[in-house]
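Below is one structure, written out as structure tokens; comments come after it.
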Amino acid sequence: MQESIDVAVPVSTAYNQWTQFESFPQFMGGVESITQTSDTRTHWVTSIGGVRREFDAEITEQHPDERVAWKSTDGESHAGVVTFHRLDESTTRLMVQIDWHPETFTEKIGAVVNADAAQVKGDLKRFKEFIEKSGGETGAWRGNVDAPPTGGTSDAAPANSTLPDASTNDPDSGGPRIS
């Protein structure tokens, strides 16, 4: 599924907020919590349509002000990418593409009637409200994660990636995403 929304903030503000994964429950329906377990890994707890799931996801590619891509590494089978497009100095278009495979009967019915697309659209509207009303991002991580050449999964950073120095909390220096 694909959805997009225009937000009235500069591209860097939209991107910086999107890298604050632990803030997602504030605007994503059904997301109970996200815990950042490393620079490229997160643990999700969701409850959607009465189905509670826990799974891990890995950032597979990330480039400041351009894109963040991810895939699940266990549990729920999904992958996605959000790209950030500068429309002008104070407006950004977020484009989200998600590929997932419904497992339960309820999820399959929901996919048939496009409930999943409606969920993503609602999440994007809540992100828009969140970022526009907040007056700025709650933190940032501006490191790069290059896509793996073979699509393999590893806890190690790709050889040519730029990861933050965990000893700093300065977002512009590549410090931790969670602030």
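Positive-end ranking of Trp70, Ser90, Ala57 along the dipole of region 52-100, with charges on Cβ about the Cα centre, is headed by Ser90.
For region 1-61, the relative contact order works out to 20 percent when only alpha carbon pairs closer than 8 Å and six or more residues apart are counted.
Other residues within the sphere of radius under 14 Å centred on the Cβ of Arg86, judged by their own Cβ, net out at -3 (K and R +1, D and E -1).
No value in this document is a laboratory result; all are computed from the given coordinates. Note that the coordinates shown come from a computational prediction; the quantities given were computed from them, not determined experimentally. Every residue, glycine among them, receives a Cβ derived from its backbone with ideal geometry; neighbour counts consider all protein chains shown.
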